[in-house]
Structure formats: C-alpha cells, structure tokens
C-alpha cells in the first residue's frame, strides 16, 4: 500500500512533451501543472470539481484537473490552455471568445476554452439543441453527449441508451477500486412519518464534497423513502424520476460522470 508520504514516479505527456516526475500520490494534476510545471494558465477555483475553471483535456476528454490524482496520470496525454497559442498567435477559439466578449473577468476562461475545444475536436458542427436536450435529460457532460449523438446518428433515444451502456462499462472498470471517502446523508419526508439515512462512499474527498455527489446522495434518499427496499431490491427498482432507469443505472451514470467508484455502503429506512 502506498502511503501519502511516499513518492510515486509518473510519466505522462503535457502539450506534446514527455514529463517524468516523482510526486506525492495525493497531489492533483492541477497542483502538478501549476507548481511543478509552472503552467499557471489552468486556474484553481472551487477545488472540488464544481466550477470548471481547472478543466484541461485528458486523452481527448475535458476533465477537471483538481479531481485527478497523480497515480491516475501514467501515460495519459494532457492538453492545457498553453497549448493553444504559439508565437503570440491566438487560437481561433481564443479569438472567438474575445470577439463575443466571452472572457468575462478572465479567471475561468481557460476552463471554458478547453471545454469548447474538446467538444469541437469531437464534432466541428454540433447541434446545440440536441446537445442541450440530451444533457438536460442525462446530466452527462456536453462532450460525452456530443459523442453519443454522433454515434447514434442524431437519434436522441439511441444516444441515451449509448450513454447508459458507456456508464455501465465505465462502472465495471471502477468496481474493484477502494472507496474510503464519502458522506452520511439523511432525509425526512413531509409529515415526518418516514425517515432515511444512508452512507455513500467514493474514492476521494474531492468527489465527496462535490455537488454532483451530494445530488446523487439526495436522490438515493428520496428513492428509499418513496419505495421501500423490502418491496424490491433497491438497485433493481425503477428510479422514481425516470422509470426507464434502475437505481443501478443511476449510480453507474454518476460513476462515469465523476470518474470514481461509488458504493452505497449502508442505508436504513424508518416509518411510523
């Protein structure tokens, strides 16, 4: 077992350049970029994966660098905002942000631009309405929604099924990973006759503190309050917000979205 005081050797690629470092396994990619590699274009905002100002592209996908630990970086390819302009020549996306006054104060702009680049690298001409509709119905990132729509030929229902399958496949790759962090959540139904308490686990404190993880926890509490697990095993119950999904599908979707194993360790339901 690796102690957080130990150093681990990581080899990966940043903006096309091979990088080899000995770092603490607790360090995040954000820390490594800013402190070790002096690439300060990637910003530290909330630190819990919510705001998006730290987004970079990892192996073609937009990801929050504050949530990526050092041990997950071996042989990956990272693109940061610094990769977009050379010899003081701005990338077309940077020019577009300036022309449309999309920079605002500028602090979060690198994350916005890298998110946009990851999307346009996948499909230069995405349909905004289709992406918006699919994202609203699934909660999955814009990039993954665009990929699913492309694979489905623009069929929204098929795209949902593709995202569900991707979520299940990704969840399988995380199933053996230890989940020692997490939160305890509770819910009291109106009328105060039904109460629920759960212990929901994940791999890192970063994810445990994220709004997405808290949302999943709340949804599980509502599900347990609404449908007693004694009636049917919880994981196989249809989700009360979308009967086409089971609770296992819901959790698998969040595993794919957050990139960590998630385990509902314990739950209890009280009813008077």
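For residue 81, the requirement of being closer than 14 Å to residue 109 by Cα, in contact (Cβ under 8 Å) with a residue 40 or more places away in the chain, surrounded by 14 or more Cβ atoms within 10 Å (Cβ to Cβ) and more than 15 Å from the chain's Cα centre (by Cα) is met.
Please determine whether any residue of the stretch 201-211 is in a strand (DSSP E or B) and under 19 Å from residue 252 (Cα atoms).
Start the filter on the stretch 201-211 by keeping residues that are in a strand (DSSP E or B), which leaves 201-202.
Then drop every residue that is not under 19 Å from residue 252 (Cα atoms), which leaves 201-202.
Yes, there is a match, as at least one residue in the stretch 201-211 is in a strand (DSSP E or B) and under 19 Å from residue 252 (Cα atoms).
Being within 13 Å of the chain's Cα centre (by Cα), crowded, with 16+ Cβ neighbours inside 10 Å and not in a loop (DSSP other than H, G, I, E, B) is a condition met by at least one residue of the stretch 48-56.
When 76, 56 are checked against the criterion of being within 19 Å of residue 17 (Cβ to Cβ), in the same structural domain as residue 97 (by TED's automatic domain parsing) and out of contact with any helix residue (DSSP H, G or I) (no Cβ under 7 Å at 6 or more places or on another chain), 76 stands alone in meeting it.
Which one is surrounded by the most Cβ atoms within 10 Å (Cβ to Cβ), of the residues in the stretch 215-249 that are touching a residue at least 12 places away in the same chain (Cβ under 8 Å) and in a loop (DSSP other than H, G, I, E, B)? The residue in question is 237. Among the residues of the stretch 190-200, is there at least one that is under 16 Å from residue 252 (Cα atoms) and assigned by TED's automatic domain parsing to the domain that holds residue 244? Taking every residue of the stretch 190-200 in turn, at least one turns out to be under 16 Å from residue 252 (Cα atoms) and assigned by TED's automatic domain parsing to the domain that holds residue 244. When you look at residue 39, is it at pLDDT 90 or above and part of a helix (DSSP H, G or I), yes or no? The answer is no for residue 39.
Look at residue 264 and say whether it is at pLDDT below 90 and in contact with a strand residue (DSSP E or B) (Cβ under 9 Å, 6 or more places away or on another chain). Against the criterion (at pLDDT below 90 and in contact with a strand residue (DSSP E or B) (Cβ under 9 Å, 6 or more places away or on another chain)), residue 264 does not qualify. Each residue in the stretch 1-46 was checked for being under 20 Å from residue 110 (Cβ atoms) and out of contact with any strand residue (DSSP E or B) (no Cβ under 9 Å at 6 or more places or on another chain), and 10 pass.
Can you tell me which residue within the stretch 1-14, out of those that are surrounded by fewer than 18 Cβ atoms within 10 Å (Cβ to Cβ) and touching a helix residue (DSSP H, G or I) at 6+ places or on another chain (Cβ under 8 Å), is modelled with the lowest pLDDT? The extreme case among them is 2.
When the stretch 62-88 is filtered for residues that are more than 21 Å from residue 209 (Cβ to Cβ) and at pLDDT 85 or above, the ones remaining, listed by number, are 73, 74, 75, 76, 77, 78, 79, 80, 81, 82, 83, 84. Looking at 94, 146, 104, just one residue is out of contact with any strand residue (DSSP E or B) (no Cβ under 6 Å at 6 or more places or on another chain), farther than 24 Å from residue 7 by Cα, at pLDDT below 85 and in a helix (DSSP H, G or I), and that residue is 146.
The residue list 96, 62 contains one member that is surrounded by 13 or more Cβ atoms within 10 Å (Cβ to Cβ), out of contact with any helix residue (DSSP H, G or I) (no Cβ under 8 Å at 6 or more places or on another chain) and at negative phi, which is 96. Evaluation of residue 130 against the conditions (1) modelled with pLDDT of 75 or more; (2) assigned to a helix (DSSP H, G or I) shows that the sole unmet condition is (1). Residue 191 falls short on exactly one of the conditions (1) at positive phi; (2) part of a loop (DSSP other than H, G, I, E, B); (3) within 18 Å of the chain's Cα centre (by Cα), and that condition is (3).
Of the residues making up the stretch 18-34, none is assigned to a loop (DSSP other than H, G, I, E, B) and either on the phi > 0 side of the Ramachandran plot or outside the structural domain of residue 68 (by TED's automatic domain parsing) (or both).
The values are calculated or read from the model by the stated rules, or taken from the named source; none is laboratory data. All values reported here derive from a predicted model rather than from experimental measurement. Here Cβ is always computed from backbone atoms with ideal geometry, including for glycine, and neighbour counts include all displayed protein chains.
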